[in-house]
Amino acid sequence: MRVANARNLHGHVTQQLGIRIVSGQLQPGEALPREEALAEQMEVSRTALREAMRVLSAKGLVEARPKVGTRVREERYWHQLDADVLAWRCASMPPADFVQKLGQMREIFEPAAAAFAARRRDAAQLKELELAYRAMEASRNTDEWAEADLQFHEAVLVATNNELMISLFSIVETALGSFFVQSARKSRDFKYSLPYHQQVFEAIRRRQPEVARDAMQKMIVDSRANMTGKRPTRKSA
């Protein structure tokens, strides 16, 4: 029990400091308080603090040097695809440029994944994709929508039958989940992208790789436009 509590404690410290760093409360190059002062400030033992620092160092967020102390590293050294780093960015309300970069990353691999899924999916994988789409169709609120949306995009990656491609989902799952929730809440109609999801599903069902690729590309561009407030309303469209 004590071991579990110790792990929870240093995990809590890791999370609190991680959020401060990725949110900009602690700037790159800024020196952290000395160990004893920081431990007292966070009301934890020095042992828990040291373990948290080891985790943050492994994620590229901090660097300890003799006679210099521990400093926040420049953003280019951060492990940006680390699940915790992505989660901390989302928790600290990711800025517009991060939303844009996430959209750019999605444009690189999701259209290609949709095309591969159309070529390689099997009947069971198509059924999972359909279940996710039907759940989106039947969703009654933004939370239900976002959960089903995440399942849909996971099902597309699984249908590629490429383990490396599938592993990308576990990396960006937290960021995508947060993105889908924010995107749904930002639109007057949280189901605004359902037609694009239908097009992707139908293209994969009919084994039409290029149609699936194009539909996924358009979906991502439209979603990014929604998040930045540049998506045309139904009336203006």
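The values are calculated or read from the model by the stated rules, or taken from the named source; none is laboratory data. Since the structure is predicted, the reported quantities are computational estimates derived from the model, not experimental observations. Methodologically, a virtual Cβ is constructed for each residue, glycine included, from the backbone with ideal geometry; neighbour enumeration extends over all protein chains shown.
Assorted remarks:
- Of Arg140, Arg134, all but one fail to be loosely packed, with under 15 Cβ neighbours inside 10 Å, outside any helix (DSSP H, G or I) and of a type in the set (D, E, K, R); the exception is Arg140.
- For His79: the one exception among (1) within 20 Å of the chain's Cα centre (by Cα); (2) surrounded by 15 or more Cβ atoms within 10 Å (Cβ to Cβ): (2)
- Scan of the stretch 171-188 for residues that are over 8 Å from the mean Cα position of the chain (by Cα) and closer than 15 Å to Ala148 by Cα, ordered by number: Phe180, Val181, Gln182, Ser183, Ala184, Arg185
- Matching residues, the stretch 37-64, being surrounded by fewer than 14 Cβ atoms within 10 Å (Cβ to Cβ) and more than 30 Å from the chain's Cα centre (by Cα): Ala37, Glu40, Gln41, Glu43, Arg46, Thr47
- Residue check, Pro28 in contact with a Lys or Arg (Cβ under 9 Å, 6 or more places away or on another chain), surrounded by 12 or more Cβ atoms within 10 Å (Cβ to Cβ) and in a loop (DSSP other than H, G, I, E, B): yes
- Members of the stretch 31-68 found to be out of contact with any Leu (no Cβ under 7 Å at 6 or more places or on another chain) and part of a strand (DSSP E or B), listed by number: Ala31, Glu63, Ala64, Arg65
- Set side by side, the residues Arg71, Arg34 differ, and just one is of a type in the set (D, E, K, R), surrounded by 15 or more Cβ atoms within 10 Å (Cβ to Cβ), out of contact with any helix residue (DSSP H, G or I) (no Cβ under 9 Å at 6 or more places or on another chain) and more than 25 Å from Ile171 (Cα to Cα), which is Arg71.
- Pairs are defined by a Cβ separation below 7 Å, a sequence spacing of at least 6 or placement on different chains, a first member in the stretch 139-153 that is over 17 Å from Lys127 (Cα atoms), and a second member that is of a type outside the set (Val, Ile, Thr) and surrounded by fewer than 17 Cβ atoms within 10 Å (Cβ to Cβ); the pairs so defined are Thr142/Arg185; Trp145/Lys191.
- Check on Leu86, crowded, with 17+ Cβ neighbours inside 10 Å and at pLDDT 90 or above: no
- Cross-chain or 6+ apart pairs with Cβ under 7 Å, the stretch 36-57 first and under 17 Å from Arg71 (Cβ atoms), then at pLDDT below 90 and among the basic types (Lys, Arg): none
- Subset of the stretch 145-161 [of a type in the set (Val, Ile, Thr) and not in a helix (DSSP H, G or I)]: Thr160
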